Every structure is written in C-alpha cells, then in structure tokens.
C-alpha cells in the first residue's frame, strides 16, 4: 500500500484529503507543520509522497523541503508543494520540491497529481497543473 | 621754498576753488559739500608749500577740476585717505614730507596706490624724476610750466583714473554677480541634495509598503484558499460517501456546494491577480513561446465548459509556429480569460481562437457568436468592476475584473488589445504582441 504524508496546518483540509485518499486505497499520515513531519521522518517513517503546504507555524514547508533534501537518509523522498501562495511555483522550485499544486485543488486534480507521482496511473494532471516548478 | 605756515587758511583768493588745508596741529581735512557731490568733475589735490604757486595752479585747474590744497606730504596723505581724489599734483621739496616720500607712501597704501601723481620738478631734478617715474609717479612738468601744459596733463591723468575706476566698478559688479551665482548654485545644490534625500526616503517607504503588501497578499491568499480547498474536498467526500443511498436532494446540495466553492475560488483568484498587477508584480519570466501551442492548450482546457453549454470551440493556426518572447503564464491568463468570457456570454453558436503572424507582431483573435456589445459600452468594458448586465438582472457570475486584468497584462507584455463587436452577431477581441518584447519584467 502506497503511503502519503499530509503536511498542512489546516486540520479540516487534512481530514478531507485523508478521507478521500484513504478511499482510494492510500495509507495517510498527517503532520500539522514541518517540525512534526520531520520528527516522523526521523523516527523512520518513509511515505511514498509528501504533500506539503508552504505557510505553517514553527517550520514552514520550504524549510521542511530543504531539510529533507539536505539529509542523505531521506533526501530521495518525493515532495509535492500544495499552496495558495501566488509565488508557490518559485518557492517549490527553490526549495527542491518535485512539483507544486496551486490551492484550491479539486479532488480530481489532486488524485491525478498523486497518481502521476506515485501511482501506476500517470494520467493528465489537469488544469490545476502539477508542474515541475521550473 | 617757504614754510608750511605760509599756506594760511584765511587766504581769500583761494576761497571757493581752493580748499585751504589746515596746519599740522589741526584736525584732518574734509571736502566741502560741493566737491563731494560733484561726481562729474574730477578732483585734484595740489601739494605745494609755496602758497603763490599753489594759488597759481588752483587758478589754472579750477575751470575743469575741483581743486584742494595741502602744504606738504603729511597733510596730503591725511587728505587723500579721508577723501576721494582723482589726481595728485605735488611739489618735490617740502618740509616734513617731501614729494618723493609722498609718492612712495601712496604706492604702498592700497587705498591710494591707484591715484595718478603728477610731479612738479625743477630742471636739475632729472635723476630724481626718473626715479620717481619708476616708483610710481605717472607724469611730470618741469618748472616753469605753462598753464596749458599743466591743465592738459592733469586732464589726461584724470581721464585715465576715471576710466580705470569705471572698469574696476564694472569688474567688481561682475565679481558680485559671480558670487551671487555661486551662492545660487550652492543653494540649488543643497536643495537638490535635500530632494534626493526626500526621494530616497519616499522610495524606501514605497519599497517597504510593497513588501508589506506582498506579505499580506500571500497571507490572505493562503488563508482563503486553504479553507476553500477544504470545502471543495469535503463536498467530494460527501458525494463519494453518499453514493450508496444517494438521495437526489443531497446530491443537489452537494452540486450547489461545489459550484459555490468553484465560483468563490475563481473570484478570489481574479481579485488576487488584480492586486498583484496593481502591485507591479504582473510578470515573472520571459521565454520563447509558440502562440499556436498556447492557443491550442487553452482551447482544449475550455472545451469541456463550452461543450457543457452546447457551444462549438475551434482553434485556427497557421502551418508554422508563431514564436514570441514573452511571459507564458501572463499570456496564458490573458487568453484563458478571453476564451472564458466568450464562452460565458455566448448562448448558442461557437467560439473561435485564431492565431496569425504579422511582421513584428503575433496576433491572437478570440471571436464569439454571442449577443455582442453596444458601441457605447465598448469603451467601458476594460474598466475594473464594470459589468454590462445590471446587477438585478445578472445572469453570469463574476465581478467584472477579467477584462481589466487582461488589459493590464497585455500592456505589461508590451502589447495592445482591441475589441470589435456587432450587437446580435458577436464580438472579436484582438491581442497584438511584439515578437520580441523590449519590456522586460522588473
């Protein structure tokens, strides 16, 4: 079973995404900020994909991505930035994420993006555009 | 020669034309009022211890000059310092201070150094005369001299002196002008420095304000978009959980929730985009782009929505690429907005996107078969918050920011947008963009 870690300070958003992704057969972990996510990873958790919000208390998403890319044990993790910031693309590119989704993302687009990264289904990423954040 | 006392002050013959200088024991001389005020007449100081000779000289000169008399060098010096003389006529051999001593003293005093001196010399004084001329006396007459010769020589000297005074006055006033100019230059330099300082302060304030605005934009953007996304996903959760015992009312409620979320999302994106453009952050990166590829992508994306409204949507492109150096994201937003508008305001028929190349321009045309826009309204449609439907009879969603954003973006890309419309037949928006934009993003 593929696993996904949701890193977002908005608990309602986490619970909705979690419910939907679990319905699709993914295992889902939640972290309310970058620091908590990093603790899980240091304890040995290795999700197949991290969905990372940018603006969070304690440790923001860009810092989390950089910390992951610096650590040889976890630097290979797939990171997808999910943010409503207007400069999300640049932020995602500069912190080493594999791509970004601009909030608000519809369920269909989210699922397509997730499958594009870790599922067998690499179908269209849709209009919300999971890009490589170049 | 006789003693100085001979030049008595009660000598009536000299009154009026010759000012009798007082003896050494008395106070310094002042010029009579008529001399001080007669600026037109040159003034001559005669320095002569022989009263008769002095009187003779005064008589000779008085028709042309205001004449004053001193009986020796010392008196003369005091008179010269206190008054204003154009020419000094001096004897050589005098008690207390001789003529040559007077000349030397005058040439050492900057106040007197410019007054010409005419020496009355005796025939035997050749060597002394030469020395005096070297020391700064201007001219001489040899006793006995004729009245005409004396008068002519004094006139020459006076004229030289007056000319020189005039030139010096002119020079001084020019110096004053220069000083004034220098003062003005330095004042304006100071003013400019102050203005520069004020400008720097204003610029810093503007930069700070811009940074604050950018932070606020990001924060608001995050704070609104996260719950919006959450709402949309919750609706999706409801829809999927409810599939088993789907009651039509529940599904309709979920549809309505979805539509609301989607409209809010679009509206919010518009408002943010508008704020971003107003903040001068409209453009990001310029790249090479094929207008045809962009047009096809945008048309493909709009196809489901157009199909849903029963509209056909086409894209007409030339065989080859139409390359532009531009900001792809900004241009995509422009075209997507125009196409979205066309689909939104067309009830039946088709929407066409056409691309063509024209010398230094790439041209995009978006044509619909909608209701069209009245000529009177064409000017207003690019203004922010203008919608042609009255608010009470509004059928189409939106706040009227789309075209304002489009116009601002096109202009930021160095291009131009035009609109033609025939009410009842349709509307064409035409965007012309330079193939190599001279305007680079900040």
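A few points about this structure:
- Inspection of segment B:111-120 finds no residue satisfying the criterion of being more than 21 Å from residue B:160 (Cα to Cα) and surrounded by fewer than 22 Cβ atoms within 10 Å (Cβ to Cβ).
- Selection status of residue A:8, buried (at least 18 other Cβ atoms within 10 Å of the Cβ) and in contact with a helix residue (DSSP H, G or I) (Cβ under 6 Å, 6 or more places away or on another chain): yes
- Residue, surrounded by the most Cβ atoms within 10 Å (Cβ to Cβ), within segment B:221-263, restricted to residues that are more than 9 Å from chain A (Cβ to nearest Cβ) and either assigned to a loop (DSSP other than H, G, I, E, B) or under 58 Å from the mean Cα position of the chain (by Cα) (or both): B:260
- Here the condition is being at pLDDT 85 or above and under 24 Å from residue B:56 (Cα atoms); of B:133, B:157, it holds for B:157 alone.
- Looking only at residues in segment B:294-321 that are free of Cβ contacts under 8 Å to residues at least 40 places away in the same chain, assigned to a helix (DSSP H, G or I) and over 55 Å from the mean Cα position of the chain (by Cα), the one that is farthest from residue B:365 (Cα to Cα) is B:308.
- Reported count of residues in segment A:57-83, each being buried (at least 18 other Cβ atoms within 10 Å of the Cβ) and touching a strand residue (DSSP E or B) at 6+ places or on another chain (Cβ under 7 Å), is 10.
- Candidates B:180, B:168 - the one that is surrounded by 11 or more Cβ atoms within 10 Å (Cβ to Cβ) and either under 18 Å from the mean Cα position of the chain (by Cα) or more than 14 Å from every other protein chain (Cβ to nearest Cβ) (or both): B:168
- Residue count, segment A:96-111 (criterion: farther than 22 Å from residue B:264 by Cβ and either within 11 Å of chain B (Cβ to nearest Cβ) or surrounded by 23 or more Cβ atoms within 10 Å (Cβ to Cβ) (or both)): 1
- Of the residues making up segment A:90-134, those that are part of a loop (DSSP other than H, G, I, E, B) and at pLDDT 50 or above number 9.
- Residue check, residue A:71 within 14 Å of chain B (Cβ to nearest Cβ), out of contact with any helix residue (DSSP H, G or I) (no Cβ under 6 Å at 6 or more places or on another chain) and over 30 Å from residue B:241 (Cα atoms): no
- Residues that are in a strand (DSSP E or B), within 49 Å of the chain's Cα centre (by Cα) and surrounded by fewer than 17 Cβ atoms within 10 Å (Cβ to Cβ), drawn from segment B:335-360: B:356, B:358
- Sole exception among (1) at the interface with another protein chain (Cβ under 10 Å from one of its Cβ atoms); (2) modelled with pLDDT of 90 or more for residue A:86, by number: (2)
- Restricted to segment B:45-124, the set of strands (runs of 3 or more DSSP E) holding at least 3 residues that are more than 18 Å from residue B:141 (Cα to Cα) comprises B:66-70.
- The lone exception for residue B:322 - which of (1) surrounded by fewer than 20 Cβ atoms within 10 Å (Cβ to Cβ); (2) farther than 27 Å from residue B:372 by Cβ; (3) in contact with a strand residue (DSSP E or B) (Cβ under 8 Å, 6 or more places away or on another chain) it fails: (1)
- Filtering segment B:376-385 to residues that are surrounded by fewer than 20 Cβ atoms within 10 Å (Cβ to Cβ) and touching a residue at least 12 places away in the same chain (Cβ under 8 Å) leaves B:378, B:382, B:383, B:384, B:385.
- Of everything listed in (1) more than 14 Å from every other protein chain (Cβ to nearest Cβ); (2) within 30 Å of residue B:211 (Cβ to Cβ); (3) out of contact with any helix residue (DSSP H, G or I) (no Cβ under 7 Å at 6 or more places or on another chain), the single unmet condition for residue B:316 is (2).
The values are calculated or read from the model by the stated rules, or taken from the named source; none is laboratory data. Computed from a prediction, not measured in an experiment: that's the story for all the values here. Neighbour counts are summed over all protein chains in view; Cβ atoms, including those assigned to glycine, are modelled from backbone coordinates with ideal geometry.
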